[in-house]
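Report on the structure given below.
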Amino acid sequence: MNNLNKKIVIILALFLFVPIISFAVPGFGHPRLFVDHWKFKLASGKEDLLNVTNYDNWRTVTLPHDWSIEGPYSPNNASATGFLPGGMGWYEKDFVVPAEKKREKVYIYFEGVYNRSTVYLNGHKLGYRPNGYISFLYDLTPFVKFGENNEIKVQVDHTRFNDSRWYTGSGIYRDVYLVYADPVHLSLWGLYCKVDHITKKSADLSVATTIKNESSATAKVNIELEVYNKQSGAKVASSYKKITLLLNDSLTSLQTLKIKNPELWSLEHPNLYSVLAKISVNGKLSETDEVTTGVRQLVFDANKGFLLNGVNTKLKGVCIHHDGGCLGSAVPEEVWARRLKNLKSIGCNAIRLSHNPQAPYIYDLCDKLGLVVMDEAFDEWEYPKRKWVTGWNEGAPTFDGNYDFFKEWGERDLRDMVLRDRNHPSVIMWSIGNEIDYPNDPYSHPILATGTINQPVQGGYLPNNPPAERLGDISKRLVSVVKQYDISRPVTAALAGVIMSNETTYPSNLDICGYNYTEDRYEMDHKKYPARVIYGSENSQSLKSWKVVRDSKYIFAQFIWSGIDYLGESGTWPSRGFYSGFLDFGGFLKPRGYFRREMWSENPSAYIGTYLSDKTDKSLSEDAWPCWNYEEGQVVRVVSYTNTPQARLLLNGKQVGEIKPFDEKTFITYWDVPFAPGTLEVEGLDQSATKVCSYAIQTSGRPYAISAIPDVSIISKNRGVSQIVVNVVDQKNNPVFFSDDELTCNIEGPVRLLGLESSNNTDMGDYKDNKQRVYHGRLIAYVQSTGVAGTAQVHFSAPWLKSGTVRIVIK
């Protein structure tokens with residue numbers, strides 16, 4: 001192992017860049033959101049719009065913005081990216097920098113632009129950034145016209161629209177900030193905290209502050225730090241330091257603060273501290289930043305698995321992509337907050353960000369919710385992978401991708417991911433790649449001719465493909481990049497071809513090794529490589545794969561593919577995306593999510609689903625929907641996903657069949673029941689037959705009305721979002737599962753409709769208009785404030801149904 005032997009002990013406390021003034025921002029100077037009143041145009045081909053001055057035929061948009069999700073869906077587009085278009089987009093914005101700012105520095109910070117973006121200010125090229133997932137900053141100062149109008153333009157080149165194995169989106173799809181700073185200021189991502197010597201009585205918080213002097217003289221700088229317990233608000237530590245910074249110099253200052261009786265960050269209790277940093281230059285306060293930190297200890301052990309704060313912990317993880325269904329890649333924070341909470345409700349405690357750095361607020365949410373994160377940099381290195389065009393694993397693939405800029409940009413992109421995200425207590429490992437070693441896609445090795453059991457691997461050895469030894473060379477370099485900027489976490493990768501990679505130095509270059517779908521190799525590799533820390537970095541949803549983790553002391557994690565349905569990697573037309581998630585596109589829990597809750601949750605849980613089945617058929621579905629509408633007398637299989645010792649089934653209050661014990665073999669309890677209308681309920685019972693949980697479904701009548709319930713009815717005027725769950729119901733207010741009515745949404749007041757998501761994978765219609773068919777009788781509507789206080793009415797209507805209305809207050 002890489003300087004680790006059998007055990008990796010990692011102790012850290014980190015912070016999140018959250019200045020007092022607003023949201024998750026660059027963490028220096030005085031940033032403000034720069035998202036309103038942008039102009040946008042989708043160019044024809046590679047039409048050059050740099051010198052255009054007439055914007056009459058350009059649209060006004062508010063960022064974040066994803067033009068691909070606006071469609072249309074078409075079978076002429078690629079299945080890999082969800083049958084949605086790419087293209088060449090241009091953005092333009094006019095703005096004035098006040099004349100009194102002339103002595104300050106002016107920057108622009110982009111959280112993410114997909115992809116191959118070039119930024120111009122007043123006709124001057126500021127830079128080019130090809131990676132669509134990396135945050136970046138440009139200095140505007142040399143080209144700013146102070147006190148006058150300035151024009152910024154961004155060219156986004158996504159003409160290689162099939163450059164990914166999943167949906168990416170196109171455009172400036174994350175937030176943008178304009179940043180004013182004193183000539184002497186914090187560097188971008190220039191604060192770094194970690195904790196040492198953690199005991200019950202104290203913890204040492206070390207803060208590294210990097211400051212740049214871009215003024216015309218030597219500067220005397222005071223750095224004042226204050227630490228507060230975020231739960232109680234009490235001040236728990238402070239530090240003060242003076243430094244002298246020469247002209248055009250940059251300096252990193254270290255300060256250590258002692259936190260007494262620290263409250264640890266954990267999955268159950270994600271306790272946080274805030275660090276207030278005050279920077280004064282020549283006796284004058286120049287900037288103030290508030291950041292959030294957590295104190296926790298990580299141990300990765302080849303024999304014992306993973307310990308968090310000394311507690312052996314199984315990571316029940318999921319892999320997620322970054323889209324939000326009908327919202328594309330421009331997803332408000334509130335939507336992801338709901339999704340992550342729903343995942344945590346089924347027992348999930350770990351998130352793998354597949355296969356790229358994601359929006360900063362995702363890490364903020366994981367910090368607050370108590371979810372650990374595997375932060376991943378790449379899906380490709382120096383060569384492309386297969387990209388499917390007509391359907392996943394169908395027909396002939398293409399080989400577009402992001403590989404072409406890896407040699408020039410890969411190390412810098414990896415560095416910037418680490419620098420941006422290293423202060424989050426939720427992040428516990430850095431992944432330098434996903435399935436880079438997939439056999440023959442493209443790397444190959446003679447071992448593939450025979451495998452390790454004298455059986456050839458599918459495809460065999462392809463001597464004309466790149467040699468697998470390259471994996472060792474490149475991974476060694478990438479690991480060293482990570483360790484230049486953070487040694488408090490292990491470096492990992494998700495290996496798809498362990499048989500092949502074991503013949504190279506790739507696994508030994510890593511601190512811990514993720515295995516994708518190769519649970520059968522855990523035991524043999526644990527014996528062959530006793531110092532290797534092994535875990536499941538991507539796994540199937542089978543019960544067998546979970547039991548391997550549950551019952552193996554040295555395997556500490558599985559990350560299920562996938563946590564949420566996502567756009568792209570689509571099957572043959574019509575198909576929006578990959579729908580194996582525990583949550584659907586709209587963030588609703590699917591039957592398989594309830595089945596996973598039975599496996600993972602520490603709390604009693606129950607669920608029932610139904611389907612027609614012959615009594616002789618012993619198959620048990622893990623995907624049964626909660627519907628109780630059949631013909632009188634039909635025999636229906638009722639399956640229960642219940643984690644209690646016993647379960648009892650009731651129909652209209654009367655017990656049906658016998659009380660059944662938990663089935664360790666299948667995790668499913670079932671009854672075959674003649675249908676009769678009414679209420680079907682399962683009760684989870686403890687050993688003494690006392691009810692500890694229950695779940696009920698109801699026979700529904702014909703569609704009668706529309707029920708609309710918002711998650712919040714009061715939102716901020718500053719981009720606040722309400723998520724409205726809309727159901728078609730009968731006269732007794734029971735959901736009508738089989739309804740597919742088309743609903744129309746009309747709005748009065750200062751909110752806008754972001755989208756209507758029904759979670760139907762085969763509906764290739766327009767998800768940005770105000771009409772949508774419900775699927776399984778349900779959809780979710782996303783509405784967002786427009787910057788004005790007031791009251792909004794959101795109406796939902798359909799022919800022959802009683803309409804539903806939601807009132808939203810905007811403050």
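The values are calculated or read from the model by the stated rules, or taken from the named source; none is laboratory data. On a predicted model such as this, the values are computed, not experimentally measured, just so you know. Cβ sites come from the backbone with ideal geometry, for glycine too, and all protein chains shown count toward neighbours. The protein model used for the area step is the full one, side chains on, heavy atoms only, and it has no ligands, DNA or RNA in it. Shrake-Rupley method; radii C 1.70, N 1.55, O 1.52, S 1.80 Å.
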- prompt: Once segment 51-124 is represented by equal point scatterers at the alpha-carbon sites, with solvent omitted, what log10 I(q)/I(0) does the Debye formula produce at q = 0.12 Å⁻¹?
  reply: -0.51
Magnitude of the charge dipole, the chain, Cβ model with Lys/Arg +1 and Asp/Glu -1, debye to 20: 2020
query: How would you rank 150-160, 97-107, highest first, on the average number of other Cβ atoms within 10 Å across their residues?
result: 150-160, 97-107
- prompt: What order do you get for 354-367, 236-249 when each peptide is scored by the mean count of other beta carbon atoms within 10 Å, highest first?
  reply: 354-367, 236-249
message: Quick check: at a probe of 1.4 Å, how many percent of the accessible area of segment 683-781 sits on carbon and sulfur atoms?
response: 45
Principal axis dimensions, largest first and in whole angstrom, of segment 87-239 by Cα: 58, 46, 27
query: What shape does segment 503-605 take by its C-alpha gyration tensor, where a ≥ b ≥ c are the square roots of the eigenvalues and a/c under 1.5 counts as rounded, a/b above b/c as prolate, and the rest as oblate?
result: oblate
task: Just tell me which lysines come within less than 18 Å, Cα to Cα, of LYS260; anything on the same chain fewer than 8 places away is out.
output: LYS194, LYS200, LYS201, LYS230, LYS235
query: Which angle between 0 and 90 degrees, to the nearest 10, do you get for helix 469-485 versus the longest principal axis of the chain when only C-alpha atoms count?
result: 60
- request: Go ahead and run the numbers for FRET between GLU742 and SER619, Cβ-Cβ distance against an R0 of 35 Å, rounding to 0.05.
  value: 0.50
- request: Pop the C-beta distance of GLU47 and SER601 into the FRET formula with R0 = 56 Å and round what comes out to the nearest 0.05.
  value: 0.55
task: Pop out the ³J(HN,Hα) list for segment 699-704 in order, Karplus 6.51 cos²θ - 1.76 cosθ + 1.60 with θ = phi - 60°, rounded to Hz; leave Gly and Pro as x.
output: 5, 9, x, 6, x, 10
field: Average accessible area per residue (Å²) across segment 205-312 - probe 1.4 Å, nucleic acids and ligands excluded
entry: 45
query: Mind checking the angle between helix 333-345 and the chain's longest principal axis? C-alpha axes, 0 to 90 degrees, to the nearest 10.
result: 50
task: Which order do the peptides 507-516, 302-311 take when ranked by the mean count of other beta-carbon atoms within 10 Å per residue, highest first?
output: 507-516, 302-311
- line: Both in Å, the radius of gyration and Dmax of the C-alpha trace of the chain are 27.5, 89
- prompt: For all pairs of alpha-carbon atoms in segment 548-641, what percent lies in each bin of width 10 Å, listed from the first bin to the last filled one?
  reply: 14, 33, 33, 17, 2, 0
field: Added length on full extension, which subtracts the Cα-Cα distance from 0.36 nm per residue, HIS269 to THR218
entry: 13.8 nm
field: Relative intensity, log₁₀ I(q)/I(0), of segment 129-188 from a Debye sum that treats every alpha carbon as a point, q = 0.20 Å⁻¹
entry: -0.97
- request: Find, to one decimal place in angstroms, the Kirkwood hydrodynamic radius of segment 237-295, where the mean of 1/r is taken over every pair of different Cα atoms and then inverted.
  value: 14.0
task: For LEU743, list long-range residues whose amide hydrogen, built 1.01 Å from N in the peptide plane, is under 5 Å from its own amide hydrogen.
output: GLN772, ARG773, VAL774
task: Give the Rg/Rh ratio for segment 693-773, taking Rg as the radius of gyration of the Cα atoms and Rh as the Kirkwood radius, to two decimals.
output: 1.01
query: Applying the Karplus parametrisation 6.51 cos²θ - 1.76 cosθ + 1.60 with θ = phi - 60° to the phi angles of segment 166-183, what ³J(HN,Hα) value in whole Hz is obtained for each residue in order, glycine and proline being reported as x?
result: 9, 5, 10, x, 9, x, 7, 9, 10, 5, 10, 10, 9, 10, 9, 8, 4, x
field: Tilt relative to the chain, helix 591-600 - C-alpha long axis, 0 to 90 degrees, to 10
entry: 80
- prompt: Amide H to amide H under 5 Å from ALA237: which residues, 5+ apart in sequence or cross-chain, H placed 1.01 Å off N in plane?
  reply: VAL227
task: Kindly identify segment 295-450 as rounded, prolate or oblate by the Cα gyration tensor criterion: order the square roots of the eigenvalues as a ≥ b ≥ c, call it rounded if a/c is under 1.5, otherwise compare a/b with b/c, prolate if a/b is larger, else oblate.
output: prolate
Heavy-atom surface of segment 680-797, accessible at 1.4 Å and reported per residue (Å²): 44
query: So which lysines pass the test for LYS553, namely a Cα distance under 20 Å, with those fewer than 8 places away in the same chain ruled out?
result: LYS6, LYS7, LYS304, LYS314, LYS316, LYS527, LYS528, LYS544
field: Equivalent ellipsoid, segment 540-599 (semi-axes from 5 times Cα gyration tensor eigenvalues, Å)
entry: 26, 13, 9
- request: Mind running the shape call on segment 406-448? Use the C-alpha gyration tensor, a ≥ b ≥ c as the square roots of the eigenvalues: rounded below 1.5 for a/c, prolate if a/b tops b/c, oblate otherwise.
  value: oblate
statement: The equivalent-ellipsoid semi-axes of segment 244-368, taken as the square roots of five times the Cα gyration tensor eigenvalues and listed largest first in whole Å, are 33, 23, 15
query: What is the distance, in nm, between label points placed 7 Å from the Cα along the Cα-to-Cβ direction at HIS37 and at THR60?
result: 0.9
- line: The FRET efficiency for SER797 and ALA396, from their Cβ-Cβ distance with R0 = 35 Å and rounded to 0.05, is 0.15
task: Apply the Karplus parameterisation 6.51 cos²θ - 1.76 cosθ + 1.60, with θ equal to phi minus 60°, to every residue of segment 352-358 and state each ³J(HN,Hα) to the nearest whole Hz, in sequence, with x for glycine and proline.
output: 9, 8, 8, 10, 6, x, 10
- line: Relative to the compact-globule estimate 2.2 N^0.38 Å (N residues), the Cα gyration radius of segment 663-811 stands at a ratio of 1.30
query: In segment 128-227, what percent of the accessible surface is made up of carbon and sulfur (1.4 Å probe, ligands and nucleic acids excluded)?
result: 50
Hull shadow area, averaged, segment 179-287 [alpha-carbon convex hull, nm²]: 7.6
